[in-house]
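S.K.: Got a structure for you, questions after.
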Amino acid sequence: MKEEQLKRAYEDAKAQYASLGVDVDQAIEKLNNLSISIHCWQADDVSGFENPDGELTGGIQATGNYPGKARTIEELRSDFEKVLTLIPGTHRISLHAIYGDFGGEFVDRDQIEPKHFQSWIDWAKKVGVKLDFNCTLFSHPKGESGYMISHFDPEIREFWKEHLRRCRRIAAEIGRQQGDPCIHNIWFPDGEKDKTVSRFAHRQLMKEALDDVFTEKISTDYLKDCVECKLFGIGSESYVVGSHEFYMGYAVKNNMMLTLDAGHFHPTESIADKISSMLLFVPELNLHVSRPERWDSDHVVILSDELLALTQEIVRSGHADRVHVGLDYFDASINRLGAYIVGIRATQKAMLQALLEPTRQLREFELQDKNFQRLAYLEELKSMPWNAVYNYYCQQQNVPVGDAYIQDVQEYEDQVTSKRV
């Protein structure tokens, strides 16, 4: 689409939204301030660099074998740099602990240090992104039983507590050097495939272990810890220690951030409705945007009703500044960079639609008991020209408009990823 056509379509859309009392320019500005935390593990199928040939265990599974996955830190960073040229806005990169720069040597997880991530910090500064962090609590011999930080063996619990301590220090150093708090996400896959009698005992051990780790106080100027729940996992279908109730209670009691993952609940349960409740009791929320298909399958995020409901609740709450948005999916069956672009753009498009909603007017309808008018507005909004606004935003940000990014991804595959054999 030519520049004048984009501009004309944008001006028409702007006028239509103005008639509803919506400031389109303000919506674009707010969208531009949305820094999505982009997950590193889509590009390499969650292999990492601790032991790239290791088998995924502990509730993690990547399906597919599309050629061209990143095999080294250099390839992973190259892929990120390409992705950043195809999406508007300024974003963050979320690292797992197994993605350290270990120099080809094996460093066990209770021995990792900030120095193993210094090259990531330097790279992030160079390309203009901030970093977030995740302790890696899966795919390790000390987790083969299904229990880790809630294991009955104190030596195994201590190993994972030490890993968690070190990850917090690494994240804090990242936050210190980048001048912005690093969000450190904690997800323990502890659980069991079949029935267990010792549910209380394992949860008590997990609580005591977390309490012990968090006795080390680190400034929130550098580090923001968050805990993430799960309904079930591969190999923990019957019982997950860190359930929603467990971590909701833990986060509320300790006044800390809670992570809600779109794939970690019952298939018919939306996390959108949880946002307004949890914001009343925790200081901030961290969202992992994913797409479950029948189970927590981490499909590529698309522009769906569920995603739109999520972004609407963020905006409608009036506390968008307390909600952090990150992606969490990995599809090895398609072009991995294409998967990034589709998911990131879908999340932005959903957020834009939410920002273009006349929320004040809709609330007025509710106060006046004009429920027909509210419903009519919500229906009419579905066919409003929000995409003309997004296309204009992309054009202003000098990134491909519409489907033009598809050719860029294909060219990168032809020239770069297809040669990774």
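S.K.: What is the residue count in the stretch 60-95 for residues that are of a type in the set (Gly, Ala, Ser) and buried (at least 20 other Cβ atoms within 10 Å of the Cβ)? It would help to see each step written out before you state the result.
M.R.: Within the stretch 60-95, the subset of a type in the set (Gly, Ala, Ser) is 62, 64, 68, 70, 78, 89, 94.
Narrowing the set further to residues that are buried (at least 20 other Cβ atoms within 10 Å of the Cβ) leaves 70, 94.
Looking only at that region, the number is 2.
S.K.: Out of curiosity, is residue 125 surrounded by fewer than 23 Cβ atoms within 10 Å (Cβ to Cβ), of a type outside the set (Val, Ile, Thr), closer than 30 Å to residue 407 by Cα and more than 20 Å from the chain's Cα centre (by Cα)? Even if it seems obvious, please write down each step before you answer.
M.R.: Numbers: surrounded by fewer than 23 Cβ atoms within 10 Å (Cβ to Cβ): yes; of a type outside the set (Val, Ile, Thr): yes; closer than 30 Å to residue 407 by Cα: yes; more than 20 Å from the chain's Cα centre (by Cα): yes.
So residue 125 passes the test.
S.K.: Next up: Name every residue in the stretch 267-287 that is under 23 Å from residue 251 (Cβ atoms) and either free of Cβ contacts under 8 Å to residues at least 24 places away in the same chain or not in a loop (DSSP other than H, G, I, E, B) (or both), in order of residue number.
M.R.: Passing the criteria: 269, 272, 273, 274, 275, 276, 277, 278, 280, 285, 286, 287.
S.K.: What number of residues in the stretch 180-235 are crowded, with 22+ Cβ neighbours inside 10 Å, over 30 Å from residue 121 (Cβ atoms) and modelled with pLDDT under 95?
M.R.: Result for the stretch 180-235: 1.
S.K.: Does residue 290 fit the bill of being surrounded by fewer than 21 Cβ atoms within 10 Å (Cβ to Cβ), touching a residue at least 12 places away in the same chain (Cβ under 8 Å) and within 24 Å of residue 343 (Cα to Cα)?
M.R.: Working: surrounded by fewer than 21 Cβ atoms within 10 Å (Cβ to Cβ): no; touching a residue at least 12 places away in the same chain (Cβ under 8 Å): yes; within 24 Å of residue 343 (Cα to Cα): yes.
Here the answer is no, as residue 290 does not meet what is asked.
Residues are listed down the side, and each one gets a yes or a no for (1) within 14 Å of residue 262 (Cα to Cα); (2) modelled with pLDDT under 95; (3) of a type outside the set (Val, Ile, Thr); (4) surrounded by 19 or more Cβ atoms within 10 Å (Cβ to Cβ):
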{"site": "304", "(1), (2), (3), (4)": "yes, no, yes, no"}
{"site": "324", "(1), (2), (3), (4)": "yes, no, yes, yes"}
{"site": "333", "(1), (2), (3), (4)": "no, no, yes, no"}
{"site": "361", "(1), (2), (3), (4)": "no, no, yes, no"}
{"site": "384", "(1), (2), (3), (4)": "no, no, yes, no"}
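S.K.: Filter the stretch 1-22 down to the residues that are in contact with an Asp or Glu (Cβ under 9 Å, 6 or more places away or on another chain) and not β-branched (Val, Ile, Thr), then identify the one that is farthest from residue 68 (Cα to Cα).
M.R.: From the stretch 1-22, those in contact with an Asp or Glu (Cβ under 9 Å, 6 or more places away or on another chain) are 14, 17, 20, 22; that's our starting set.
Among the residues that remain, those that are also not β-branched (Val, Ile, Thr) are: 14, 17, 20.
Values: 14: 42, 17: 43, 20: 47 Å.
Among residues in the stretch 1-22 that are in contact with an Asp or Glu (Cβ under 9 Å, 6 or more places away or on another chain) and not β-branched (Val, Ile, Thr), the one farthest from residue 68 (Cα to Cα) is 20.
S.K.: Further, regarding this structure: When the stretch 122-179 is examined, which residues are found to be at pLDDT 95 or above, assigned to a loop (DSSP other than H, G, I, E, B) and among the charged types (D, E, K, R)?
M.R.: Answer for the stretch 122-179, where residues must be at pLDDT 95 or above, assigned to a loop (DSSP other than H, G, I, E, B) and among the charged types (D, E, K, R): just 153.
S.K.: Just one of (1) touching a residue at least 12 places away in the same chain (Cβ under 8 Å); (2) surrounded by fewer than 21 Cβ atoms within 10 Å (Cβ to Cβ); (3) closer than 25 Å to residue 147 by Cα trips up residue 30, so point out which.
M.R.: In the conditions (1) touching a residue at least 12 places away in the same chain (Cβ under 8 Å); (2) surrounded by fewer than 21 Cβ atoms within 10 Å (Cβ to Cβ); (3) closer than 25 Å to residue 147 by Cα, residue 30 misses (3) alone.
S.K.: So, residue 89, is that one assigned to a loop (DSSP other than H, G, I, E, B), within 19 Å of residue 130 (Cβ to Cβ) and in contact (Cβ under 8 Å) with a residue 60 or more places away in the chain or not?
M.R.: Here the answer is yes, as residue 89 does meet what is asked.
S.K.: State which residue is nearest to residue 211 (Cα to Cα) when the search covers only the stretch 233-246 and only residues that are touching a Ser or Thr at 6+ places or on another chain (Cβ under 8 Å) and in contact (Cβ under 8 Å) with a residue 60 or more places away in the chain.
M.R.: Selected residue: 241.
S.K.: Out of 366, 293, 313, report the one residue that is charged (D, E, K, R) and touching a strand residue (DSSP E or B) at 6+ places or on another chain (Cβ under 8 Å).
M.R.: 293
The values are calculated or read from the model by the stated rules, or taken from the named source; none is laboratory data. It should be emphasised that the depicted structure is a prediction, and the values quoted were computed from it without experimental measurement. Here Cβ is always computed from backbone atoms with ideal geometry, including for glycine, and neighbour counts include all displayed protein chains.
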